[in-house]
Amino acid sequence: MKTANGTQSYGWGIRVMNNQGTGMMEDIKILNCSISNVSHTGIKLTGGESQNIRNVQITRNKLTMTGGPGIQMSRVKFVHVHQNEVTYSGSNDDSRKWGRGSGLWTWGSSMVIIEHNKFMYANGPADSAGAHIDFNCDNVILQYNLSAYNAGGFCEILGNNYNCAYRYNVSVNDGHRVKGKNGAFQEGKTFWLSGYQGKNKVRKGPVNTYFYNNTIYVSDSIVAKVAVENRSRGVLVANNIFHLSGGVALVKGDQYKPQGKEEDEVADVFFKNNVFVENASWPNNAAIQPNQSITGDVNFKNPGGLNIKDYIPLNKELISQGIKIQFIKDDNFGLMQGLNLKRDILGNEITDTPFIGAILNKSDDN
């Protein structure tokens, strides 16, 4: 389980492959499919160096108990992944399955929007996040997703990625995996920026990472873990709810080899205006450090539940202290669809007043 495909031939659910360097595959739709109990990936796109699979929609599919990832794409461009439900990726309930896999992951891909999906119960000794961004990508955005009980974690962005984002997502008890237990060789992580960009290659952290207006809940039975590559450059972390009831610890990422001192700070960081529950602040030896944080309990409607509405914050005063999201220093592009969206994860219209978390509580009867 330490290699991409193991040592045997595996089966797939749906696979789109283009190994013709000069040929282009475009306008592909994978809609309303049900895929379960395949030994490796449920839906897989494999393009060439020119990203010769383009304009793809992956919509309203249900994937469960795949031995590898639910959805995986390599060297593709202009992809929209939305309204899918991916559960129990990385399943190991059958010896013919690979037993490792994120709900979704991208590699070498550009202009990908991943929104309004559910990623739950991913399993495996490494990776196996709800959805993660592997190396060599640009402009990959995860927004409006529910990520829950994924062993590997919530946010995972590897090296040589540009202008990628997690925004307006809800994460519930992600990153519960503990290194050394049940064969795990990576810790699970709530937040991970890695510099890994391939075996035997010089590490290079992600550039211009935007992480804002996410609601993150971790129960008191789990220690939330963080890993930050000190070769990252340009990081914005703002307007997030970090309700990490079991505390927070700094851990090492995959094949971590820091440049200079391990605690060296990352260049061009904006880490402000996040809510931390009491006694669960950010690790003080991490390479990025918060300031102007807010401490308090947002009072979720039903913490521990698996519906997005369970994480409506009843403490309106606390979440009303948001700030407007700005460009990272020296970044002139920002994100696809702009930095300031028009709606929250529940479809509530966002006014000109910024708020904290993924949900704008506009109701008087919650």
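Laboratory data are not the source of any read-out in this text; all were calculated from the coordinates shown. On a predicted model such as this, the values are computed, not experimentally measured, just so you know. As a convention, Cβ positions derive from the backbone with ideal geometry for all residues, glycine included, and neighbour counts pool all protein chains shown.
Database remark: amide H of F270 closer than 5 angstrom to the amide H of V235, L236, V237 (H placed geometrically; neighbours at sequence offset of 5 or more, or on other chains; Pro and chain starts carry no H). Going by neighbour counts of Cβ atoms within 10 Å, the residues Y168, Y149 line up, fewest first, as Y149, Y168.
Out of these labelled values of mean projected area of the Cα convex hull in nm², [x] 17.4; [y] 16.2; [z] 23.7, which was calculated from the coordinates shown here? Of the labelled values, this structure produces [x]. Couplings 3J(HN,Hα) of region 223-240, computed from phi: 8, 5, 10, 10, 9, 10, 6, 7, 9, 5, 9, x, 9, 10, 10, 8, 6, 9 Hz, in residue order, whole Hz [Karplus 6.51 cos²θ - 1.76 cosθ + 1.60, θ = phi - 60°; x for Gly and Pro].
Backbone N atoms of region 176-213 closer than 16 Å to the 7 Å Cα→Cβ label point of F327 belong to residues 208-210. The Cβ shell under 15 Å around T351 holds other residues with a net charge of +2, Lys and Arg each +1, Asp and Glu each -1. Under 5 Å between amide hydrogens, built in the peptide plane, is the criterion, and for I350 it picks out R343, D344 among residues at least 5 positions away or on other chains. Summing Cβ point charges (Lys, Arg +1; Asp, Glu -1) relative to the Cα centre of region 69-199 gives a dipole of roughly 240 debye. Identify all lysines with a Cα-Cα distance to K316 below 27 Å; exclude those on the same chain that are fewer than 8 residues away in sequence. Result set, ordered by chain and number: K118, K272, K301, K324, K342, K362. Counting neighbouring Cβ atoms within 10 Å and putting the fewest first, the residues H132, H116 line up as H116, H132.
Region 10-43 and region 135-179 have Cα centres separated by 22 Å. Amide H to amide H, with H built 1.01 Å from N, V79 comes under 5 Å of V56, V112, I113, counting only residues 5 or more places away or on other chains. Listed values for region 337-345 are Karplus-derived 3J(HN,Hα) couplings in whole Hz (6.51 cos²θ - 1.76 cosθ + 1.60, θ = phi - 60°), namely 6, x, 7, 10, 7, 8, 9, 8, 5, and x replaces Gly and Pro.
Antiparallel beta bridges, as assigned by DSSP with both residues in the chain, represent about 0 percent of the total such bridges. Charged side chains reduced to their Cβ positions (Lys and Arg at +1, Asp and Glu at -1) give the chain a dipole of some 1000 debye around its Cα centre. Taking Cβ atoms as reference points and 13 Å as the exclusive limit, the residues near S320 contribute a net charge of 0, counting Lys and Arg as +1 and Asp and Glu as -1.
Within the shell of other residues whose beta carbon sits under 15 angstrom from the beta carbon of V277, the net charge comes to -3, with Lys and Arg scored +1 and Asp and Glu -1. Largest mean-square fluctuation among F119, F154, F300, in a Gaussian network model of the chain whose springs join Cα atoms under 10 Å apart, belongs to F300.
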